[in-house]
Amino acid sequence: MTKQVKQIDRVIIRFAGDSGDGMQLTGDRFTQETASFGNDLSTLPNFPAEIRAPAGTLPGVSSFQVHFADHDILTPGDSPDVLVAMNPAALRANLADIKNGATIIVDSHDFTSRNLKRAGYGENPLESGSLAEYAVHAFDLTGMTVEAVKHFGLSRKDAGRAKNMFALGMLSWMYGRPTEPTTDFLERRFAKVPDIRDANVTAFRAGWNFGETTESFVVQYEVKPATMAAGTYRNITGNLALAYGLVAGSVQSGLPLFLGSYPITPASDVLHELSKHKRFGVTTFQAEDEIAGVGAALGAAFGGALGVTTTSGPGIALKSETIGLGVMMELPLLVVDVQRGGPSTGLPTKTEQADLMQAMFGRNSEAPLPIIAPQSPADCFEVAVEAARIAVKYRTPVMLLSDGYLANGSEPWQIPDVSAMPRIDPAFATEPNHTDDKGAADFWPYLRDEDTLARPWAVPGTAGLEHRIGGLEKADGHGNISYDPTNHDFMVRTRAAKVERISTDIAPLEVDDPSGSARVLVLGWGSTYGPIGAACRQVRNQGVAVAQAHLRHLNPFPRNLGEVLKAYDAVLVPEMNLGQLSLLLRARFLVDVVGYNRVRGLPLRAAELADAITDLVEATTGSQDETSMPSADKETVR
Amino acid sequence: MTQTELPFPGLPNGLSGVPTADAPQNRKEFASDQEVRWCPGCGDYAVLAAVQGFLPDLGLKRENIVFVSGIGCAARFPYYLDTYGMHSIHGRAPAIATGLATTRGDLSVWVVTGDGDALSIGGNHLIHALRRNVNMTILLFNNRIYGLTKGQYSPTSELGKVTKSTPMGSLDNPFNPISLALGAEGTFIARTIDSDRKHLTSVLSAAAAHRGTSLVEIYQNCPIFNDGAFDAVKDPETKQDAIIPLVHGEPIRFGAPDEGGRGSRGVLRDPGTGELRIVDVAADGSTDGVPADALLVHDAHADDPATAFALSRLTNAGHLNQAPIGIFRQVEQSTYDDLARDQIATARGEADDVGNALSGLLHGGDTWTVV
């Protein structure tokens, strides 16, 4: 039959099933097909902390959402247009997120009374009429898969496991995705097990053919490629981009990378990835605990390596004392915190950005360090390189705050030209820097560079520069132990001044305000960039003016931040915490910012945020009309 | 006591890869300009003097030697040596030294720690350093007390120890550091005494020459908070009965010497149970006692640490009046840091342009081009 082809500009699909159903793989393959087709895209995997929760139950549901479009998009989307549910639990767990009129495709095979009961359904929703608001397509996907692959002689169970590829084939037809990337992938992945390989490829093709021939689907959709800047692209997750950024920081600085790490969700993939890159001189040390991980990294840094430790919030808590030692010894050290829901063990596989205070203040005494946060999965690359630059140049631990959404989410990444990337100069000390009373040359480890306030980095093996550093307070200059009150006061202030000075070495904050007349600013940091950007677009599309700015550097802040804040009548600060950036902004600039705070373990929803922005703009405009003209400094900043 | 004979079997040298000095060095070159600030009479002075005296003999470039310490009285050690040094945080020195030793095969890495630092707060790092066998030498100053925090009991204090924090006596059983290290399958495990410079130096030389993690427990007297804890092994009157000297290849004998100058007591392994017993040794020609040729011959190179463990148990857990001294175990085993560097060398293969390689890495996977 001939089918109608309907053009749409974007679509959000969510694949959901049991943890063992291969939904992450299905979503990942659909994403790769979409990327190679040339759409812009953004993905959101969502899976339980349990590796295999009891089959068919709500806690065992795993899902993968992909949003793709013919234009640039910023988020994985609030609400799916299409839900693929492989069992009753997957339907029930995801139904609340689906908009009315959305398409639901279910594998009816698993809608048995036993599974319905497990998922908490009293009656079969496919028969009860409770899904009347949706376009429901129920097929026996498992049965059709088993039938399609029966000639390979697999057990019924093994045959049924290819049902995810059947579903993928069906969706690939529906959205006109190229099929070669997936067949190539399956042939590579299962090269050693021909039966499984052939069954998966066959199931995938059978799913495609079913989509094409079934009378249930009358429309095939077309989402044209997006317009993107010229260049070579690949789809990349945040953890992969971060690992590549760390390798790039090592290559650009000429410092061998040493990663000391202890496995923890959602950071472990950075350890896995870096362990593959020994040919770049990367050493990965899986330590006995979080403390040893950062300790070994700091020891390696003392020896002249680019020392890195990767973890999540609970790991940072354990590493705090060693990070403080790094602050005191003023050695380069990269501390990567892939934040997750907390406190304590919290929500290991869900996202949150509530470690900002821990990063700022989570050490004993005055122990300032630079903090930097990527805004999207691909941005993790550049931010990792920037973190390495700051750590090496200023001889300081740097905290990089990624999060669970950035770690596992993905988007197209324009691959940078390596030859155009700036070098990072370690500028090791090689000569004595001081003359003693008797006129002899000696080395003072705490004699600072006047511009950066960084101390010299003299590594073991350098003759004549033998010196001792440690956690005890050191005298300015010669660096011997000092308990002198004035010296301590000076050193505390100097360590703070050194970090603050980095503000002169980073770009000023840029504000995006197409209208040029916005009176409300939305200011965010980290992974909320996508939802904030999408929300601002929605608001602007309704003719409401709003300005947006996003902080990459959380400590020190860009030097124009105070001016920017004071230029607006109201500032909204959306965060996946209870107002940590808000607290810092209020304390630092005495600006009464308005928080928008959600800690659901998921990215902010753009539509809800757009409502909040609109409300604030209306409230601000209303009050403004009764009071005064915009202030003068507001005009100058724009 | 007499100097123990130190075996140097065919192990790869622990110092190979570390550049050697161009000219002979002396003790003064290894002393920093910092005033030493331990309490008068502290055993740490003797160890420092022995180390400063022995380092020049290694013949290494001074700038390629690094001392890393944790927290405690002994942890001030690096400040007094004119080498590279780091006075780190409580218990973590073995972890920090692991990162340094793994990335820098050209360094001679030393860890200075104490019974609280190594066995209490840093116990985890100590056992894992031993298990990994990273090429470094750990000096464990054991004074069986907390000194820097002014006199609380430590994880090696005897049960019932009355201290500031345990006025009615401590309630926890002490660790035997040698037993613990053997349990972690350390490859070089020895014990020596702060006041016996000759033995201390010979053990340190063997420890430095060993490739892998060497653990040297040093009995060290704290004259302020635990004075006399090791009197039995130091007092000329008692030490011949208190010290059980371990010399590889020699029968284990101690006690008042017989006419031939050999100890009148010895260690016997029960052939039935494998247990070790202390027995009187029959004088030549006498049947009164155990014949000398039945005594246990110390084998530091035995692959199985079981006998070394049994020897470590001859140490008193309570008040010390008997302890084996010397090298309990020295075996050859691959080291973590050598293997880690080998993996990188293998992965690197023929030297290539890392810039090109990086570009290749970033372009890996499925890519597409927009023109």
Give A:Leu554, A:Leu585, A:Leu565 a once-over and let me know the one that is in a strand (DSSP E or B) and in contact (Cβ under 8 Å) with a residue 12 or more places away in the chain.
A:Leu554
Please tell me if A:Gly439 is touching a strand residue (DSSP E or B) at 6+ places or on another chain (Cβ under 9 Å), among the small types (Gly, Ala, Ser) and over 30 Å from B:Asp353 (Cβ atoms).
no
Criterion: hydrophobic (A, V, I, L, M, F, W, C), in contact with a helix residue (DSSP H, G or I) (Cβ under 9 Å, 6 or more places away or on another chain), closer than 30 Å to A:Phe68 by Cα and buried (at least 22 other Cβ atoms within 10 Å of the Cβ) - qualifying residue of A:Ala292, A:Ala301, A:Ala248:
A:Ala248
Would you confirm, using the coordinates I've provided, whether A:Pro514 is within 28 Å of A:Lys393 (Cα to Cα) and outside any helix (DSSP H, G or I)?
no
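Every residue, every condition in (1) more than 22 Å from the chain's Cα centre (by Cα); (2) within 22 Å of A:Asp40 (Cβ to Cβ), yes or no:
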site: A:Phe217; (1), (2): yes, no
site: A:Gln220; (1), (2): yes, yes
site: A:Arg234; (1), (2): no, yes
site: A:Leu240; (1), (2): no, yes
site: A:Ala243; (1), (2): no, no
site: A:Leu246; (1), (2): no, no
site: A:Phe258; (1), (2): yes, no
site: A:Asp269; (1), (2): no, no
site: A:Lys278; (1), (2): yes, no
Given the options B:Ile278, B:Ile325, name the one that is at pLDDT 95 or above, surrounded by fewer than 19 Cβ atoms within 10 Å (Cβ to Cβ) and in contact with a Phe, Trp or Tyr (Cβ under 9 Å, 6 or more places away or on another chain).
B:Ile278
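One line per residue, one yes/no per condition, for (1) over 25 Å from A:Ser268 (Cα atoms); (2) in a helix (DSSP H, G or I); (3) away from every other protein chain (no Cβ under 14 Å); (4) among the charged types (D, E, K, R):
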| position | (1), (2), (3), (4) |
| --- | --- |
| A:Val5 | yes, no, yes, no |
| A:Phe15 | no, no, yes, no |
| A:Leu25 | no, yes, yes, no |
| A:Arg29 | no, yes, no, yes |
| A:Glu33 | yes, yes, no, yes |
Yes/no for A:Leu453 being in contact with a strand residue (DSSP E or B) (Cβ under 6 Å, 6 or more places away or on another chain) and more than 12 Å from every other protein chain (Cβ to nearest Cβ)
no
Condition first: within 14 Å of chain B (Cβ to nearest Cβ) and surrounded by fewer than 16 Cβ atoms within 10 Å (Cβ to Cβ). Can you find one or more residues in the stretch A:460-467 that meet it?
yes
Anything in the stretch A:224-242 that is more than 10 Å from chain B (Cβ to nearest Cβ) and either crowded, with 23+ Cβ neighbours inside 10 Å or free of Cβ contacts under 8 Å to residues at least 40 places away in the same chain (or both)? List them, or say none.
A:Thr237, A:Gly238, A:Asn239, A:Leu242
When A:Thr57 is evaluated against the numbered criteria (1) surrounded by fewer than 24 Cβ atoms within 10 Å (Cβ to Cβ); (2) modelled with pLDDT of 95 or more; (3) of a type outside the set (Phe, Trp, Tyr), which criterion, by number, is the only one it fails?
(2)
Would a scan of the stretch B:331-353 turn up a residue that is crowded, with 17+ Cβ neighbours inside 10 Å, facing another protein chain (nearest Cβ under 7 Å), outside any loop (DSSP other than H, G, I, E, B) and in contact (Cβ under 8 Å) with a residue 24 or more places away in the chain?
yes
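Here's the yes/no breakdown for (1) closer than 23 Å to A:Val599 by Cβ; (2) assigned to a helix (DSSP H, G or I); (3) assigned by TED's automatic domain parsing to the domain that holds A:Leu25:
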site	(1), (2), (3)
A:Ser376	yes, no, no
A:Glu386	no, yes, no
A:Val392	no, yes, no
A:Met399	yes, no, no
A:Ser402	yes, no, no
A:Glu411	no, no, no
Is it the case that some residue within the stretch A:75-89 is among the acidic types (Asp, Glu), away from every other protein chain (no Cβ under 14 Å) and in contact (Cβ under 8 Å) with a residue 40 or more places away in the chain?
yes
Mind listing whichever residues of the stretch A:175-205 are of a type in the set (A, V, I, L, M, F, W, C), closer than 21 Å to A:Glu147 by Cβ and assigned to a helix (DSSP H, G or I)?
A:Leu186, A:Ile196, A:Ala199, A:Val201, A:Ala203, A:Phe204
Of all residues in the stretch B:67-101 being closer than 18 Å to B:Thr149 by Cβ and β-branched (Val, Ile, Thr), the one that is nearest to the other protein chains (Cβ to nearest Cβ):
B:Ile89
Note: among B:Gly116, B:Gly59, B:Gly123, just one is more than 10 Å from chain A (Cβ to nearest Cβ), in contact with a Phe, Trp or Tyr (Cβ under 6 Å, 6 or more places away or on another chain) and free of Cβ contacts under 8 Å to residues at least 60 places away in the same chain, namely B:Gly116
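The values are calculated or read from the model by the stated rules, or taken from the named source; none is laboratory data. A quick note: this is a predicted structure, and the numbers were derived from the prediction, not measured. We place every Cβ from the backbone using ideal geometry, glycine too, and count neighbours over all the protein chains shown.
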